[in-house]
Amino acid sequence: MQENNFGILETLLDSVENKYQLDIAMNCLLEMIETNKISQDIPKKIQQIFRDKIFNLVVLNGEVVNKLYLALYVIYKDIADKDERFAKIENIAQNAMFQQDMSNNENLMLLELAVLAKILGGRAKEALDFYIQKIVLIDIHSLESQKSAEFILQAFKYFDIPFETLKANLLLIFENFQKLNYKQKRSFFNWQLHVFWNVPHYFNHKGWLDFYDKWKEVLYQELEVLDTSSMDFALYVHFFIYHMCGNNFSSQEDWQKFNKEITLVATNVYKDFAKNFTLPIAQKQNSGVIGILRDRLVENSPYKVEFSFLKTLMKNKDFKDKYKIKLYVMSFLEKSDNDPRIMKSYQDLGIEVLDIGEEYNKAGYYNSHLAKALALRENILRDNVEFLISPNNGYGISDFLLATRSCLKQFFWSHGNFVYDGDFLDLKITHICGNQKRITHQGFDFYGIPVKMDTNFYNPDIDSKLLEKTRALYPSDVKIFGNIGRLVKIDDETYLKTIITILKNNDNAVFLACGAGNVDEIKAKISKIDSQMLHRFYFTGFVDSAVYGHIIDIWLDSFPMEQGESRIEFSAKDKPSLILSKETREQRETRLESWFEMHKEYILPIATKYQVTQQEIFNFLCKAHQFVAFSIDEYILKAQEILMLSSEELKLAMLKQKIIKETNDLIREKLGKDFFLEILGS
């Protein structure tokens, strides 16, 4: 079969008499690459014909070929013999690149010509290195750059270019980084974030963390110069480090290191910048204006929590009579555009939204983070904001606004990072509080604001045909274990071993790993543990949790890094979820018995409504721990027990779970509002 494939290509090449026919032969090669029909043994005749035809029909005639010809890399990457015919054109292209009068598109075309000449000349590895090192310096917004970005996403996947190759070349650029001009510096980071990060086997790759010290060094260098240009780039790099590392961090210790080495170092300089440039100082306010600082407006977990809480507040007359809420959006285009639907959902509650993206994002990925920060600060001061709440924990712009005291009462709202800290924070709040007014996380004190989640987020109406179509993607005769969230949370060897053991105990079960992340690395770990089990893991990519919450039968929560709102959303669909408790059995029982005693008045009428006794709820919550394990062995055992529950047993357990949820909703709605009003009034 392989010979036949090359036979067709060879026949096409033999008959090539002009560039049009050469393009047809190239398309044949591309199809072979995409369908994985290229072996390691490339016929020498194919290699020689391509060289001859391109030299005679392209080089000698002064023709231009498109970037897809760089796919010839696969033909020549292992070739040893050289062809000096292409040396002259290579030198001409290289010497003309980045000259003062060259446009970005021209630079990119010259780069591709030089790279193709290196490939055909027998130096394919050098060509690849040269390509990576030079393309990251070109404006990412140029027309040819956009085409190149698409080419890279496909080529690096099909060529299976190792992450280590990218890493080695990017590290070389850091050696002379300060010699680059400002635009090239931003381009270097832009290509990493918007192109190479999205190569499938580079996405969320742990190797990105190896750049942390280099990125930090660049940040520190920029922070040493208190001028506007360096400050602008520092704010961008601050954001970049947060975004790239945050997607790979898996512990509070990771975030504590980031807070110490990035946030605290940068914010001290931001304070100095404010003094040097005499930025206006915030005054004491009694306006009742509550400002909330957001990265961008999209339908993610923080949005669902925040919107649910604000919806509760905006229904309360006492709150509305005294306070006004306004959202200040940093509009990080680098992460994604704002979603107009989400913006409207806030506006429909009567909340004003200030989006500065429309003005400042006209510059695309080269937008000024300093200009955004100063514009937001000016608006916050102008609006006489009395309370500024930031659910952010490490963006350059948000840290700048907090460090320069845009408001005299600044709160941090934690959605899971409990170690974000600085003297610019007056108070810390979190909805992860177990309905308590005060709670300690990682040694830091937080005020609790319980949140009753809006039912539209947890169990919206879904088209039954869509559910049937989605379920049909997986074997019909199996039970589906799984969870939904960032894949970094399941990237733990102990957790994966546990899941594999559960699957081995149940031949008719599979595991759905739903979410974006470092799929290849996780697959490698699974294969190392037991390669025979890999086919029983399904990596779905990003999914609609409202749909897949109905597809997964049993949620097996990740550990040691747990899932958050996604698990609660799943449970709200009357489905069982198993967790590994960080408390001992005794600690959990003591806490829950205390909670039960405090909230009997809420539990009784709800339990009675469903014809369940209060004692049954007490036993289910405080003693049975049907969906809670206190060791890995127990986790494996309870997964089996849940799987073996009869439909009636499962239905009764879910009814009890529903009663507890409804009780919690009542409590959270009341306490969240009361606690927050108390915080504002203190």
If you place +1 on the Cβ of every Lys and Arg and -1 on the Cβ of every Asp and Glu, how big does the dipole about the Cα centre of the range 2-200 come out, in debye to the nearest 20? 560 debye
What relative contact order, as a whole-number percentage, does the chain give when Cα pairs under 8 Å and 6 or more residues apart are counted? 9 percent
Added length on full extension, which subtracts the Cα-Cα distance from 0.36 nm per residue, Asn36 to Glu601: 196.8 nm
One would report the Cα pair-distance distribution of the chain, bin width 20 Å, in %, as 15, 42, 32, 10, 1
Hey, what angle do you get for helix 600-609 against the long axis of the chain, alpha-carbon based, 0 to 90 degrees rounded to 10? 80 degrees
Looking at Leu652, Ile632, Ser682, which one has the Cα that reaches farthest to the positive end of the dipole of the range 630-682 (charges on Cβ: Lys, Arg +1; Asp, Glu -1)? Ser682
Could you tell me whether the range 131-257 comes out rounded, prolate or oblate from its Cα gyration tensor? Rule is a ≥ b ≥ c as square roots of the eigenvalues, rounded for a/c under 1.5, then prolate if a/b exceeds b/c, otherwise oblate. oblate
All alpha-carbon distances of the range 282-451, grouped into 5 Å bins from 0, give the whole-percent distribution 1, 8, 17, 21, 22, 18, 9, 3, 1, 0
Quick check: the distance between the Cα centres of the range 352-411 and the range 518-594, to the nearest angstrom? 36 Å
Quick check: the distance between the Cα centres of the range 241-260 and the range 609-682, to the nearest angstrom? 32 Å
Burial ordering of Arg123, Arg668, Arg471, fewest other beta-carbon atoms within 10 Å first: Arg471, Arg123, Arg668
With angles folded into 0 to 90 degrees, how steeply does helix 493-504 sit against the dominant principal axis of the chain? Use alpha carbons for both and round to 10. 80 degrees
Select from Val289, Phe277, Phe240 the residue farthest towards the positive end of the dipole of the range 238-338; place +1 on Cβ of Lys and Arg, -1 on Cβ of Asp and Glu, and compute about the Cα centre. Val289
Placing one identical point scatterer on every Cα of the range 2-200 and ignoring solvent, what is log10 I(q)/I(0) from the Debye formula at q = 0.13 Å⁻¹? -0.71
What does DSSP give for the chain in terms of the percent of beta bridges that are antiparallel, rounded to the nearest 5? 10 percent
Too long for a 23 Å Cα-Cα cut-off, among Lys469/Lys575; Lys315/Lys656; Lys335/Lys465; Lys206/Lys582; Lys206/Lys260, are Lys315/Lys656; Lys335/Lys465; Lys206/Lys582
Taking Cα atoms only, helix 212-223 is inclined relative to the longest principal axis of the chain by an angle, in degrees rounded to 10, of 90 degrees
For a quick protection proxy, order the peptides 441-454, 264-277 by their average other-Cβ count within 10 Å, most packed first. 441-454, 264-277
Okay, helix-only estimate at 222 nm for the chain: each DSSP H run of n ≥ 4 adds -39500 (n - 2.57), divide by all residues, round to 500 deg cm²/dmol; what do you get? -16000 deg cm²/dmol
About the Cα centre, charge dipole magnitude for the range 282-451 (Lys/Arg +1, Asp/Glu -1 at Cβ), debye: 480 debye
Once the Cα gyration tensor of the range 48-139 is diagonalised, semi-axes √(5λ) in Å: 21, 15, 11
What order do you get for 508-515, 136-143 when each peptide is scored by the mean count of other beta carbon atoms within 10 Å, highest first? 508-515, 136-143
Net charge dipole size for the chain [Lys, Arg +1 and Asp, Glu -1 on Cβ; Debye, nearest 20]: 1180 debye
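Here, each number is a calculation from the coordinates, and none is a lab measurement. If you're wondering where the values come from, they're calculated on a predicted model, not measured in any experiment. All Cβ positions, even for glycine, are placed from backbone atoms using ideal geometry, and neighbour counts span all protein chains on display.
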